[in-house]
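Peer 1: Can you read through this structure? Questions will come right after.
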Amino acid sequence: MTGASIEATLELWASSLREVKARMRPLFSQARVAASANSFLDGLLGDERRKTGWMRAEAAGDAGPWRQQAILGRGRWDADALRDIVRDYAVEHLGTDDAVLVIDETGFLKQGKASCGVGRQYTGSAGKVTNCQIGVFAAYVSTRGHAFVDRALYLPKSWTADPARLAAAHVPEGTAFATKPALAVQMIERAIAADMPFAWVAADAVYGAGDDLAFFTTWCPAGTTIETLVGVEGHRWDIEDSFETAKNELGLDHNETRSWHGWHRHVSLVMLAFAMLAAIRTRANATPPKRPWTIPRT
């Protein structure tokens, strides 16, 4: 952040954190639950390298992780409503008409068989087939910055064909198998329905056609220049950068819950933290530096 002074940047942090917490507040019917959600967000943004329940609780001054865990599990609130808040916040701060919606997936390495959607499947995060969950994400990328705006937990057929397993993980009734490209289409449809400004969609090979050859399949208006297409495809790397930052700095892959709603709640809170950081960076870089004070000549 080169545009704003240290004082201005600290003020941006404080005001932005107050703002996103205020936007979250209507999701919670009780003030104490809202306070726990605020503490959860503070923990994600804190200095701790591991954003586990115990680490977040310690940073919040709690005797144990139970309040933090309740936000992800026992509490009653709508993670999809938070997703929509994140989307609107990101567009408000980063929106441009020529933005790119980038679709990609990332893996969450897991032990055991109980975590919702877990199974032996390929993930680029490990570069091999391993026991993991797969999350499909949409990132909004513009000249002003980039942030996650949607997410979905992929459920393999071994899960959707097992009603008892779905019920144990609290997967909503009626949830059927959907391929990763189908989940991506749902995200694009939600973005269009929300009047999100964007001109392009870019995605990795699993969401299009290819046989490991080095080429891109594109669908675009006639006359689109190769320079434009290269620029659009280049924005795919912004979601890779987002995954790395969200995992290393915000604990995207530190979720300890096993349920459907636990995964979506944790990921949505991380998305909010990431979008806030993106907005701060954009606003700070747009703030002209203060001119140095000088003694006027007489």
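Peer 1: Counting helices only, and only those DSSP H runs with n ≥ 4, report the 222 nm mean residue ellipticity of the chain as the sum of -39,500 (n - 2.57) divided by its residues, in deg cm²/dmol to the nearest 500.
Peer 2: -14500 deg cm²/dmol
Peer 1: According to the square roots a ≥ b ≥ c of the eigenvalues of the Cα gyration tensor, what is the shape class of region 22-139, taking rounded for a/c under 1.5, prolate for a/b larger than b/c otherwise, and oblate for the remainder?
Peer 2: oblate
Peer 1: Per residue, how much accessible area does region 109-238 show when a 1.4 Å probe rolls over the protein heavy atoms, in square angstrom?
Peer 2: I get 56 Å² per residue for region 109-238.
Peer 1: Apply the a/c threshold of 1.5 to the C-alpha gyration tensor of region 52-202 and tell me whether it is rounded, prolate or oblate.
Peer 2: oblate
Peer 1: Using a 1.4 Å probe on the protein heavy atoms, what percent of the accessible area of the chain belongs to carbon and sulfur?
Peer 2: 54 percent
Peer 1: Name the shape class, rounded, prolate or oblate, that the alpha-carbon gyration tensor gives for region 188-282, where a ≥ b ≥ c are the square roots of its eigenvalues, rounded holds for a/c under 1.5, and otherwise prolate holds if a/b is larger than b/c and oblate otherwise.
Peer 2: prolate
Peer 1: Once you have the Cα-Cα distance between A222 and T52, take 0.36 nm times their residue separation minus that, and quote the gain in nm to one decimal.
Peer 2: Additional length available on full extension: 56.2 nm.
Peer 1: In Å, what Kirkwood hydrodynamic radius results for region 100-186 from the alpha-carbon pair distances?
Peer 2: The answer is 13.9 Å.
Peer 1: Quick one: which residues, 5 or more positions from W200 or on another chain, have an amide H under 5 Å from its amide H? H modelled 1.01 Å from N in the peptide plane, none for Pro or chain starts.
Peer 2: Residues meeting the amide H criterion: L101.
Peer 1: Also, I was wondering about something else. Using a simple spin-label model with points 7 Å from Cα along the Cα→Cβ vector, what separation in nm is obtained for D241 and D80?
Peer 2: Modelled inter-label distance: 3.2 nm.
Peer 1: Using the crude model of +1 on Lys and Arg Cβ and -1 on Asp and Glu Cβ, and no other charge, please compute the dipole size for the chain relative to its Cα centre, in debye to 20.
Peer 2: 1080 debye
Peer 1: Of all beta bridges DSSP finds with both residues in the chain, what is the antiparallel percent, to the nearest 5?
Peer 2: Among the beta bridges of the chain, antiparallel pairing accounts for roughly 85 percent.
Peer 1: If you count only protein heavy atoms with a 1.4 Å probe, what accessible area per residue comes out for region 1-81, rounded to a whole Å²?
Peer 2: Roughly 56 Å² per residue, with all protein chains present.
Peer 1: Continuing with this model, one more query. Among F216, Q111, F198, whose Cα lies farthest out toward the positive end of the dipole of the chain, if unit charges sit on the beta carbon of Lys, Arg (+1) and Asp, Glu (-1)?
Peer 2: Checking the options against the dipole of the chain, the answer is Q111.
Peer 1: Starting from the 7 Å offset along Cα-to-Cβ, what nm value, one decimal, do you get for the label separation of A205 and S15?
Peer 2: With each label point 7 Å from Cα toward Cβ, the separation is 4.7 nm.
Peer 1: Using Cα centres only, tell me the gap between region 137-187 and region 8-79 in whole Å.
Peer 2: 24 Å
Peer 1: Among the lysines, which fall within straight-line cross-link reach of K180, defined as a Cα-Cα distance under 24 Å, with same-chain neighbours fewer than 8 residues apart omitted?
Peer 2: Filter leaves K110, K113, K128, K157, K247.
The values are calculated or read from the model by the stated rules, or taken from the named source; none is laboratory data. Given the structure is predicted, the values throughout are model-derived calculations rather than measurements. Don't worry about glycine lacking a Cβ; one is built from the backbone with ideal geometry, like all the others, and counts go over all protein chains shown. Just the protein is used for accessible areas: all its heavy atoms, side chains included, with ligands, DNA and RNA removed. Shrake-Rupley method; radii C 1.70, N 1.55, O 1.52, S 1.80 Å.
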